[in-house]
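Chemist: Handing you a structure now.
The values are calculated or read from the model by the stated rules, or taken from the named source; none is laboratory data. Worth saying up front: this structure is predicted, and the values here are computed from it rather than measured. Here the Cβ is made from the backbone with ideal geometry for all residues, glycine too, and neighbour counts use every protein chain on show. Surface accessibility is based on the protein's heavy atoms, side chains included, excluding ligands, DNA and RNA. Shrake-Rupley method; radii C 1.70, N 1.55, O 1.52, S 1.80 Å.
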Amino acid sequence: MSTQQASSSKVSSSLDTSHLKVKFPFKAKYGNYINGKFVEPKSGKYFDNTTPITNEVICKVPRSNEKDVDFALDAAHAAFPAWGKTSITERSNILLKIADVIEKNLNVLATAECLDNGKPIRECMAADLPLVIDHWRYFAGVIRKPAEQTPASIMLLMELIGDLLPAGVVNVVSGYGLEAGKPLASSKRIKKIAFTGETTTGRLIMQYASQNLIPITLELGGKSPNIFFEDVMAKDDDFFDKCLEGFAMFTLNQGEVCTCPSRALIQKSIYDKFMEKAIARTKAVKQDNPLKMETMIGAQASLEQMEKIKSYLDLGKKEGAKVLCGGSEAKINSGLEKGNYIQPTIFEGKNNMRIFQEEIFGPVVSVTTFKDEKEALEIANDTLYGLGAGVWTRDGNIAYRMGRGIEAGRVWTNCYHAYPAHAAFGGYKQSGIGRETHKMMLNHYRQVKNLHVSYSEKKLGFF
């Protein structure tokens, strides 16, 4: 099938993209991308893909099932022998060409991601897409099922890069988890599974993979500590200003980041003065239509996720946590009344509260204090998770000791939310298995074979 062209006249003015000098990026309907082309789902069923900005329908995508997964697997298996023999140079050149195409179309892809996900356009343009390009170039080197909440922007990407890849090398099947994700993860024809998502679903994916004894990598949830030592306030300088920005990083991408710094640990000796400035910095975060360049925090990815966050806001209050900032759904007018917006929220409480221990996946940070380095480390590690952490200090020795002591796959020192392609990424404890990025991640997709050859014509002489 060919994708159908959408008309931007079918959506409200709140979704206008002309100020970005980009036409409305989506077509009315997409098929699955299988064997180098878009095809109808086997069942003929589609579901509405809504934008979290206003909850209007922006396109329709396939509601795939096991038959679609098998069709994609047929294509992948047919493509594998030739692709596996393709030279490293040729494959590298293809990946570099893909990076070039993404870079050339950065604005339209960023706009699509903003509409599909609800994150601010400035993040999409200045962070997300440049990181995508960086990673394609770094690995210059499947079947993918995108999350049902954000299934459209990858289809736009495949329209742009599909002709650069041999048919069947990359296949994209959209749909719901039980209908498409489970058949994919359970298939005996899959040789490796990589999953990014929340821990409960990760356990299910791991069970499916165990039935077929295939390798799996999991990038799961987090409850990352962001730790601020008293010496950060030794001077009111650029570094301290950077620390305040680091505190406010819990609002990046509406907090829908696995490494969201959702626990802030502040040394008691500076707590009141630090929090006065941290609250002011958080209140200055501009929340509005994600398509506006000045917007700093946009919409949650789905209604379901917004309701989950609201339930945790209620829970935090019931647990006795003090609301220092925000604490409720954000009411934004100008056509955004039906969108998924949550106020950036700061809770003050104790680390044993559920809002400190459970992943909320929203713009919510829970703040507590510590007296010294020992207690800071104890609180930081008092969690089921171990994906990321932040340490802020002017003392290099403290930074080193904390970095070594924190049980997390990545510890940022005097920075946060940096994701270069050459830096290994992955979790400890219930935050996952394996590593993404860095060349070591390629080992998850390869098997070691030893060919032991004797060049001697003489026997050993044992028998």
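Chemist: Rounded, prolate or oblate for region 128-281? Axes are the square roots of the Cα gyration tensor eigenvalues, ordered a ≥ b ≥ c, and the cut-off for rounded is a/c under 1.5.
Modeler: prolate
Chemist: Which label belongs to the value computed from this structure, given these candidates for Cα extents along the principal axes in Å: (1) 76, 75, 38; (2) 204, 64, 32; (3) 65, 57, 50?
Modeler: (1)
Chemist: Right, next: How much solvent-accessible surface does Lys371 expose, in Å² to the nearest 10, with a 1.4 Å probe and all protein chains in place?
Modeler: About 120 Å², ignoring ligands and nucleic acids.
Chemist: Which percent of the accessible area of region 232-385 is formed by carbon and sulfur heavy atoms (probe 1.4 angstrom)?
Modeler: 50 percent
Chemist: Can you give the helix-only mean residue ellipticity at 222 nm for the chain, where every DSSP H stretch with n ≥ 4 adds -39500 (n - 2.57) and the sum goes over all residues, rounded to the nearest 500 deg cm²/dmol?
Modeler: Mean residue ellipticity at 222 nm (helix-derived): -10000 deg cm²/dmol.
Chemist: Now for a separate question. Based on Cβ point charges of +1 for Lys and Arg and -1 for Asp and Glu, what charge dipole magnitude is obtained for region 188-232 about its Cα centre, in debye rounded to the nearest 20?
Modeler: So the dipole magnitude of region 188-232 works out to roughly 640 debye.
Chemist: Answer rounded, prolate or oblate for region 38-99, using the Cα gyration tensor with square roots of eigenvalues a ≥ b ≥ c: rounded when a/c is under 1.5, else prolate when a/b is larger than b/c, else oblate.
Modeler: Numbers: a/c = 4.85, a/b = 1.61, b/c = 3.01.
Oblate.
Chemist: Which is farthest toward the positive dipole end of region 1-128 among Ala28, Pro120, Asn49, measuring Cα position about the Cα centre, with Cβ charges +1 (Lys, Arg) and -1 (Asp, Glu)?
Modeler: Towards the positive end, the residue furthest out is Ala28.
Chemist: Label region 232-365 by shape, choosing from rounded, prolate and oblate, from the square roots a ≥ b ≥ c of the eigenvalues of the Cα gyration tensor; if a/c is under 1.5 it is rounded, and otherwise prolate applies when a/b is larger than b/c, oblate when it is not.
Modeler: Verdict is oblate for region 232-365.
Chemist: Go ahead and run the numbers for FRET between Ile88 and Glu337, Cβ-Cβ distance against an R0 of 60 Å, rounding to 0.05.
Modeler: 0.65
Chemist: Computing the accessible area with a 1.4 Å probe over protein heavy atoms, can you report the carbon and sulfur percentage for region 92-229? Walk me through the numbers before you get to the answer.
Modeler: Numbers: 3220 of 5560 Å².
Within region 92-229, the accessible surface is 58 percent carbon and sulfur.
Chemist: What do you get for trypsin sites (Lys or Arg not before Pro) in region 222-272 restricted to DSSP loop and a cutoff of at most 16 other Cβ within 10 Å of the site's Cβ?
Modeler: Sites meeting the loop and neighbour criteria: Lys235.
Chemist: Could you provide, to the nearest whole Å², the per residue accessible area of region 106-237 with probe 1.4 Å?
Modeler: 41 Å²
Chemist: Among DSSP bridges having both ends in the chain, what percentage is antiparallel? Round to the nearest 5.
Modeler: Rounded to the nearest five, the antiparallel share is 40 percent.
Chemist: Report the Rg/Rh value for region 31-162, based on alpha-carbon coordinates and the Kirkwood definition of Rh.
Modeler: When Rh is taken as the Kirkwood radius, the ratio is 0.99.
Chemist: Could you give the C-alpha radius of gyration of region 113-167 expressed as a fraction of 2.2 N^0.38 Å, taking N as the number of residues it contains?
Modeler: 1.23
Chemist: Here's something else I'd like to know. Given +1 on the Cβ of Lys and Arg, -1 on the Cβ of Asp and Glu, and no further charges, what dipole in debye does the chain carry about its Cα centre, rounded to the nearest 20?
Modeler: Dipole about the Cα centre, nearest 20: 1280 debye.
Chemist: Excluding residues on the same chain fewer than 8 positions from Lys458, give the lysines whose Cα lies under 27 Å from its Cα.
Modeler: Lys449
Chemist: Calculate, for region 275-403, the solvent-accessible area per residue in square angstrom, rolling a 1.4 angstrom probe over the heavy atoms of the protein chains.
Modeler: Numbers: 5620 Å² over 129 residues.
Value returned for region 275-403: 44 Å² of accessible area per residue.
Chemist: Which residue, chosen from Gly362, Gly335, Cys325, occupies the Cα position most advanced towards the positive end of the dipole of region 297-379, where the dipole is computed from +1 (Lys, Arg) and -1 (Asp, Glu) charges on Cβ about the Cα centre?
Modeler: Gly335
Chemist: List, in the order given, every pair from Lys223/Lys308; Lys21/Lys97; Lys242/Lys429; Lys235/Lys277; Lys286/Lys331; Lys273/Lys371 whose Cα-Cα distance in the structure shown is over 18 Å.
Modeler: Lys21/Lys97; Lys242/Lys429
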